[in-house]
1. Using the alpha carbons of region 46-93, what is the convex hull volume per residue in cubic angstrom, as a whole number?
2. Do the sum for the chain: with -39,500 (n - 2.57) for every DSSP H run of n ≥ 4, divided by all residues, what is the mean residue ellipticity at 222 nm, to the nearest 500 deg cm²/dmol?
3. Sequence gap at least 6, Cα distance under 8 Å: using those rules, report the relative contact order of region 51-112 to the nearest whole percent.
4. Given a 1.4 Å probe, how much area per residue of the chain is accessible, in Å²?
5. In this model, which of Lys162/Lys321; Lys56/Lys80; Lys41/Lys179 are farther than 26 Å apart at the alpha-carbon?
6. Considering the convex hull of the alpha carbon atoms of the chain, report its projected area averaged over all viewing directions, in nm², one decimal.
7. Give, in nm to one decimal, the length gained when the segment between Glu370 and Asn358 is fully stretched (0.36 nm per residue of separation minus the Cα-Cα distance).
8. Would you please state the base-10 log of I(q)/I(0) at q = 0.15, 0.22, 0.28 1/Å for region 266-321, with intensities from the Debye formula using one equal scatterer on every alpha carbon?
Amino acid sequence: MRNFIMTWNPTLWPWDKLNDQIQQVHDTGNVEERWSCGNRKNLPVGSRVFLFKQGKNSKGIIGVGLTLSDPKEEPHFNFKLAEEGKVAKRVNVSWSLLSSEPIIPLDQLKRPPFSDMSWVFQSSGVEIKSDIADALMTELLEKKQIKNAGPVTLDQVTTAFKALGGKGSWDEILAKITKLRNGDYSHYKNKHNYEKTAFQIIQIHCPGYKKYGGDQRFEKIGKIFRLIEGEDLSRILGKASSYGGGGESDGHKRLKEYIAKNPVVVGLPTHIKEGVTEFQISSGDSIDVYFQNKKSWIGVEVKSSISGEADLTRGLFQCIKYKAVMEAMQLSLGIKQNANSILALEGELPSELILLKNILGIEVVEKVYEKTNSDKKHAVD
C-alpha cells in the first residue's frame, strides 16, 4: 500500500461540513469526500492518505482515509480560481478519521519517528515512506482516535479489487481487504465470521453462486476473481465507433496461422480439421480463422496484444456479426443452423469490457499465444 499526504488550509477553503462529517465518521465509521491531490497523476486506488491541516496555527494530522478513485481534473476547489477556469486533480477519499484540530500536532511530527521527512507542503499528493505511515497509524491507534472498521462493505471489497489491479485469488483479495481495514474485524464474533461475510459479498455479486442476486460486480474464472467495472458503455461504444483502419501486423498474422493449426488453444476438439484464415462469408467480411465440422461452423476473431480497448470492443461486435451471417448462410442453404463465434486474445480482456462481453454473450479465450520450448519446460516442471 502506498501512502500520501493530503492538505487542508482553512484560509483557502472553508470546510463548512467538517463538523457534520466528523459526526458521520463517529456514527458510521467513514465519510466520502472529493479531495485535491495536487499535480499527482499516479495515485493508485486504495492508497492510504493522511490529512494535514495547514495554516498559521494548529498544524498537524487531522485525518486518515483511503482513496476510492483515480485522479480526475475538475473545476478548482477554490471558487475564485474555478471562476477563472482553473482546474485541479481530485480523487474520492473515504475518511475513517476526521478531527477539526490536530491529533498529531506539528511539534510532535518534528520528532522521531516522524522527523525523517519535512512537514512543509505546498500542496496535496506528497508521497511518504511506509515506515513513517505505519508510525502515524500506530500513534493514531494508541490515541484511540480510530473507530473499528465496522462491517465489511461492497465498497471495501471493490477497493481491494482495484488495489490488486482488478483481479486476484480469494486469499489475495481477503488479505487486501484486511489491510485496508487496518487488520480490524472487531465488529464480528471472530475472524472466521469476518472472512465468511467478506466472501458472501462476492458470492452475492458473482454469477455461479447460489447467493447471486443478479447485480453482477465480479466474475470468477478458475480460481481467479475479476472485477467488472461499472463503466459507461456509451463511452466505450462511442470510442469503438471511431475507427481509422490500419494494416495487419505480422504478429496478428502469425497468431491467426497458429490458431488455425492448433484449434485446441481456443477450446475446440482435437479431431476438428485445420482452420482456414481469412475465410470469406456472404456479407463480404473475412473471418480471421474459420473451422468447420459435420455439425457446426465456428468463426474466430483474433486480436493480438497490441489491440486496445476500442479494437477489442469492435472484436466483440464482429463475433456477433460473424455468427449472424453464418446462421443466415446455413438457413439459405437449407442446413440446420449451428454456428458459433469466439474472440481469441493474445492478452487479457480489460475489466472495463467484461460487462459488455457478458451482455452480448460472447465466448472469449484469453492468453492465446504460441508456446515456446521454455514455456513447455515450465509446464512440465
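The values are calculated or read from the model by the stated rules, or taken from the named source; none is laboratory data. What you are looking at is a predicted structure, and each value in this text was computed from that prediction instead of being measured. Neighbour counts run over all protein chains shown; Cβ positions are idealised from the backbone, glycine included. These area figures cover heavy atoms from the full protein model, side chains too; ligands, DNA and RNA do not enter into them. Shrake-Rupley method; radii C 1.70, N 1.55, O 1.52, S 1.80 Å.
1. Numbers: hull volume 3.7 nm³, N = 48.
About 77 Å³ per residue, rounded to a whole number.
2. Roughly -10000 deg cm²/dmol at 222 nm, from the helical runs in the chain.
3. 41 percent
4. Numbers: 20560 Å² over 381 residues.
Per-residue accessible area for the chain comes out at 54 Å².
5. On the way: Lys162/Lys321 33 Å; Lys56/Lys80 22 Å; Lys41/Lys179 24 Å.
Cα-Cα > 26 Å for Lys162/Lys321; rest within.
6. Orientation-averaged projected area of the Cα hull: 25.7 nm².
7. In short, 1.6 nm is gained.
8. -0.48, -0.94, -1.21
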